[in-house]
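Notes to accompany the following structure.
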Amino acid sequence: MDAVDLALLDQLQKDASLSNQDLAARVHVSPPTCLRRVKRLREAGLIERQVAILDGGKLAGLLGHGLQAIVEITLDRQGAEQLEAFERRVIADGAVQQCYRVSPGPDFILIVHTRDMPAYLALAQRQFTSDANVRNVKAFFSLQRAKFQPNWPLGPANPA
């Protein structure tokens, strides 16, 4: 990994729809070099996948607002087997967008998105209430998202 690889990854995090020509120009390398390096970064697994980030505000007018929640989960027993079993089960659920094991505090933080409160209650029943090992569930419902930045910091720290 050198500065060009980091610059490529940084640009792709900002806009993965850039053509190879535009990407090469932004990082100051030739298009063939750019193509070869991006292919190598994919093969190395550094580029996991490319997705479109949808505008929730615009979709809300078409599909309804939906319900997004940040959910803290504390298990009664935290052995490796119990943690892995819970994790496997929740990540298979389409309503769970993100799943983090955390410490200290709760065992998991989940970001979930459902169509409405009845759909959230169904999720809670199938994933949390029905699991005898789930000791505590605390849900925080999103009223407004002020920032969403899925980028990994790749360069020098930028406090701005």
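Just so you know, all these numbers are worked out from the coordinates, no wet-lab data involved. Remember, it's a predicted structure, so these values are computed and weren't measured experimentally. Here the Cβ is made from the backbone with ideal geometry for all residues, glycine too, and neighbour counts use every protein chain on show.
In whole Å, how far is the Cα centre of segment 40-67 from that of segment 101-145?
Cα centroid to Cα centroid, the span is 21 Å.
Taking Lys138 as the anchor, which lysines have their alpha carbon closer than 30 Å to its alpha carbon, excluding any fewer than eight residues away along the same chain?
The reachable lysines, counting only those whose Cα sits under 30 Å from Lys138, are Lys58, Lys147.
Summing +1 for each Lys or Arg and -1 for each Asp or Glu, what net charge is found among the other residues whose Cβ lies under 14 Å from the Cβ of Phe86?
-2
Only Cα pairs under 8 Å and at least 6 apart count here; give the relative contact order of segment 1-106 as a rounded whole percent.
16
What value, in deg cm²/dmol to 500, does the helix sum -39500 (n - 2.57) over DSSP H runs of n ≥ 4 give at 222 nm once divided by the residues of the chain?
-11500 deg cm²/dmol
Return one number: the angle in degrees, 0 to 90 and rounded to the nearest 10, between the long axis of the Cα atoms of helix 80-91 and the longest principal axis of the Cα atoms of the chain.
The answer is roughly 70 degrees.
For segment 3-43, what is one quarter of the convex hull surface built on the Cα atoms, given in nm²?
Answer in nm², one decimal: 2.4.
Please give the charge dipole size of segment 1-120, origin at the Cα centre, charges +1 on K and R Cβ atoms and -1 on D and E Cβ atoms. Round to the nearest 20 debye.
Dipole about the Cα centre, nearest 20: 460 debye.
Relative contact order for segment 56-141: what is it in percent, counting Cα pairs under 8 Å that are at least 6 residues apart?
43
Once you have the Cα-Cα distance between Ser103 and Leu121, take 0.36 nm times their residue separation minus that, and quote the gain in nm to one decimal.
Contour length minus Cα-Cα distance gives 3.9 nm.
How much FRET efficiency would the formula 1/(1 + (r/R0)^6) give for His65 and Asn20, where r is the Cβ-Cβ distance and R0 is 35 Å, rounded to 0.05?
With a Förster radius of 35 Å, E is 0.40.
Please list, by residue number, every one of the trypsin sites (Lys or Arg not before Pro) in segment 47-101 that is coil in DSSP and has at most 14 other beta-carbon atoms within 10 Å.
Taking segment 47-101 and a limit of 14 other Cβ atoms within 10 Å, the loop trypsin sites (Lys or Arg not before Pro) found are Arg49, Arg77.
Which value results for Rg/Rh of the chain when Rg is the Cα radius of gyration and Rh the Kirkwood radius based on the inverse mean 1/r?
1.06
Considering the Cα positions of segment 56-141, please state its Rg to one decimal place and its Dmax as a whole number of Å.
Cα only, segment 56-141: 13.4, 44 Å (Rg, Dmax).
Between Asn133 and Lys58, 0.36 nm times their residue separation minus their Cα-Cα distance comes to what?
Stretched out fully, the Asn133 to Lys58 stretch lengthens by 23.1 nm.
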